[in-house]
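Novice: Before I ask anything, here is the structure I am working with.
The values are calculated or read from the model by the stated rules, or taken from the named source; none is laboratory data. Given the structure is predicted, the values throughout are model-derived calculations rather than measurements. Positions of Cβ are generated from backbone atoms using ideal geometry, with glycine treated the same way; all protein chains shown enter the neighbour counts.
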C-alpha cells in the first residue's frame, strides 16, 4: 500500500517534505501545483516550485493550466528533473483556478479536448531520457450532476491516453472539503478499472478524510483493492502520520517522542533556507493553520502566530505557549 503526499498550494514544498522525511518519508511526494505558463515563461519564483529535496527520485510534478501547449512545454522542463512522473491537476476546486479553465474545469470539458492535451504531455514523457515517465491525474467526482457512469467514461478516456495512475478525491467540485469523502466511489472506480484493464499496471489512489491511523484503515477497508492512499492537510498537522500508518499496516511497532516546539522551530528555519523571502510569511501562516490543531488552545496559538511575523517573534510566541502548557510540548506516539 503506497502512501502519498497530496499536492497542496503553498504547502507541499521542500520544507514540508523535510519534516515528513525526518519520520521516514513517504512513497511519493506530489509537489504543490506548478502553473505551466509561469514555469515556461521563467517566472521569478518558479525555481522554488521545482526543488527536489529530500528524495528527488520520489517526486511527482503536478502541473496546472488550461493551455495544452503550456502543459506540454512545462512537461519538458520538469521531466528533465527526473522523479516518478507528471500529474495533471484535474481536481482543484478553487474558484480562481476553475474560472481559468484549469483544475476541476478539465472534468467539464469535452473528452476530445482533454484527450488532446493528455496526448501532448504523454508524448513528452515517452521521449524523456530521465526516470520521469509516468502520466497520472488527480480528479474529483465532477460537478453536482455527476454519475458513476460519467466518471467511468472519463477515466476510460484517461487510460486510453496513457494515464497509469488515477487519484480520486471523492467529493464534487462545489463540495470542496465540506462533507466527508465518499470512499464508496473510490471502491467502485477501482473495481471497474481493475476489472476492465486487468492487463495494465493501473494504479488507483484514494484521497480525502484521512486524519488518523484509524481513518486510513477504515478507508482501505472501504476500498480494499486500491494501491495507495494520499494524505493532505493531516500531513501538515502530523508529519509523522505516514510513519504511523505504514507501521500499522505492516504490524510494526512504532514509538517515539516528538518535541513539537523544536519541530516548529526547525520548520521555520527550513522555510527561510529553501523558500524566497517573499514566501516566508505566507508559508509559515499556512503551516500553523493546521499544525496548531495539535494543541488544546490551538485557535489562540494559531491567531498569535499568523497575525505576527518574524522568526524571533514567532519563536517567542511558541516558547510562551509551552511555558504555560508544558505538557503539550512533548508528544509520545
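Novice: Determine, yes or no, whether residue 135 is under 19 Å from residue 7 (Cβ atoms), in the same structural domain as residue 165 (by TED's automatic domain parsing) and touching a helix residue (DSSP H, G or I) at 6+ places or on another chain (Cβ under 6 Å).
Specialist: yes
Novice: In the range 56-68, which residues are surrounded by 17 or more Cβ atoms within 10 Å (Cβ to Cβ) and in a loop (DSSP other than H, G, I, E, B)? I'd like the intermediate steps shown before the answer.
Specialist: Going through the range 56-68, the residues surrounded by 17 or more Cβ atoms within 10 Å (Cβ to Cβ) turn out to be 58-66, 68.
Those that are surrounded by 17 or more Cβ atoms within 10 Å (Cβ to Cβ) and in a loop (DSSP other than H, G, I, E, B): 65, 66.
Novice: When you scan the range 311-333, how many residues do you find that are more than 26 Å from residue 256 (Cα to Cα), surrounded by fewer than 14 Cβ atoms within 10 Å (Cβ to Cβ) and under 27 Å from the mean Cα position of the chain (by Cα)?
Specialist: 0
Novice: Please note which helices (runs of 4 or more DSSP H) are completely contained in the range 243-333 and include at least 3 residues that are within 24 Å of residue 232 (Cα to Cα) and in contact (Cβ under 8 Å) with a residue 12 or more places away in the chain.
Specialist: Details: elements: 260-274, 277-291, 298-306, 311-324.
So the answer is 260-274, 277-291, 298-306.
Residue-by-condition table, conditions (1) on the phi > 0 side of the Ramachandran plot; (2) assigned to a helix (DSSP H, G or I); (3) buried (at least 17 other Cβ atoms within 10 Å of the Cβ):
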site: 125; (1), (2), (3): no, yes, yes
site: 129; (1), (2), (3): no, no, no
site: 132; (1), (2), (3): no, no, yes
site: 137; (1), (2), (3): no, no, yes
site: 141; (1), (2), (3): no, no, yes
site: 152; (1), (2), (3): no, yes, no
site: 156; (1), (2), (3): no, yes, no
site: 163; (1), (2), (3): no, no, yes
site: 168; (1), (2), (3): no, no, yes
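Novice: State whether the residues of the range 71-89 include one that is touching a strand residue (DSSP E or B) at 6+ places or on another chain (Cβ under 9 Å), surrounded by 17 or more Cβ atoms within 10 Å (Cβ to Cβ), free of Cβ contacts under 8 Å to residues at least 40 places away in the same chain and part of a loop (DSSP other than H, G, I, E, B).
Specialist: no
Novice: State whether one or more residues within the range 102-109 are out of contact with any helix residue (DSSP H, G or I) (no Cβ under 6 Å at 6 or more places or on another chain), at pLDDT 95 or above and under 27 Å from residue 282 (Cα atoms).
Specialist: Within the range 102-109 (the criterion being out of contact with any helix residue (DSSP H, G or I) (no Cβ under 6 Å at 6 or more places or on another chain), at pLDDT 95 or above and under 27 Å from residue 282 (Cα atoms)), the answer is yes, since at least one residue qualifies.
Novice: Specify which of the listed residues (195, 153) is in the same structural domain as residue 98 (by TED's automatic domain parsing), within 21 Å of residue 103 (Cβ to Cβ) and over 21 Å from the mean Cα position of the chain (by Cα). Steps first, please.
Specialist: Details: 195 fails: within 21 Å of residue 103 (Cβ to Cβ).
Going through 195, 153 in turn, the sole match is 153.
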